[in-house]
Amino acid sequence: QVQLVETGGGLVQAGGSLRLACAASGRILRINVMAWYRQAPGRQRELVASITSGGVIDYADSVKGRFTISRDNAKNTVYLQMNSLKPEDTAVYYCNADISYYGQINYWGQGTQVTVSS
């Protein structure tokens with residue numbers, strides 16, 4: 001079993017910054033891809049950014065130039081640096097990972113609330 005725990009959410013004014021972290025623990029041989037999703041009230045969960053084991057990164061168009069995803073493989077941790085935050089970034093942010101341990105399973109974290117005030 002694997003646990004993903006997100007930290008770093010909070011309340012910030014428009015234009016401010018937050019840094020989210022997601023640490024994976026448990027039975028892990030390899031984390032193939034880690035990603036951040038978000039879900040705002042009344043909206044579907046959407047992909048914000050992802051990073052593969054090979055370092056290939058993808059961002060949603062809405063966050064390009066403002067958010068940066070990175071990972072520390074030694075710590076099994078993925079980060080999301082969020083700058084120039086906008087009220088429309090308000091959502092619960094979820095960590096997601098495809099993790100191999102003699103078989104690959106997709107995991108979700110519990111989510112962390114990000115609220116951007118205007």
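Residue 28 fails exactly one of the following numbered conditions: (1) of a type in the set (Val, Ile, Thr); (2) at pLDDT 95 or above; (3) assigned to a loop (DSSP other than H, G, I, E, B). What is the number of that condition?
Looking at each condition in turn, residue 28 falls short on (2).
Taking the stretch 83-118, which residues are more than 19 Å from residue 52 (Cβ to Cβ), assigned to a strand (DSSP E or B) and among the hydroxyl-bearing types (Ser, Thr, Tyr)?
93, 112, 115, 117
Out of all the residues in the stretch 90-118, which are touching a Lys or Arg at 6+ places or on another chain (Cβ under 8 Å) and more than 19 Å from residue 57 (Cα to Cα)?
91, 92, 100, 101, 114, 116
When the residues of the stretch 1-21 are narrowed to those that are under 12 Å from residue 107 (Cα atoms) and surrounded by 13 or more Cβ atoms within 10 Å (Cβ to Cβ), which ends up modelled with the lowest pLDDT?
The residue in question is 2.
How many residues are touching a residue at least 24 places away in the same chain (Cβ under 8 Å), outside any strand (DSSP E or B), under 26 Å from residue 103 (Cα atoms) and open to solvent by less than 80 Å² (accessible area, probe 1.4 Å) if we restrict to the stretch 32-82?
1
The values are calculated or read from the model by the stated rules, or taken from the named source; none is laboratory data. Computed from a predicted structure; not experimentally measured. Using ideal geometry, Cβ is built from the backbone for each residue, glycine included, and neighbour counts are taken over all protein chains shown. Just so you know, the surface numbers come from the protein's heavy atoms only, side chains and all, with ligands and any DNA or RNA stripped out. Shrake-Rupley method; radii C 1.70, N 1.55, O 1.52, S 1.80 Å.
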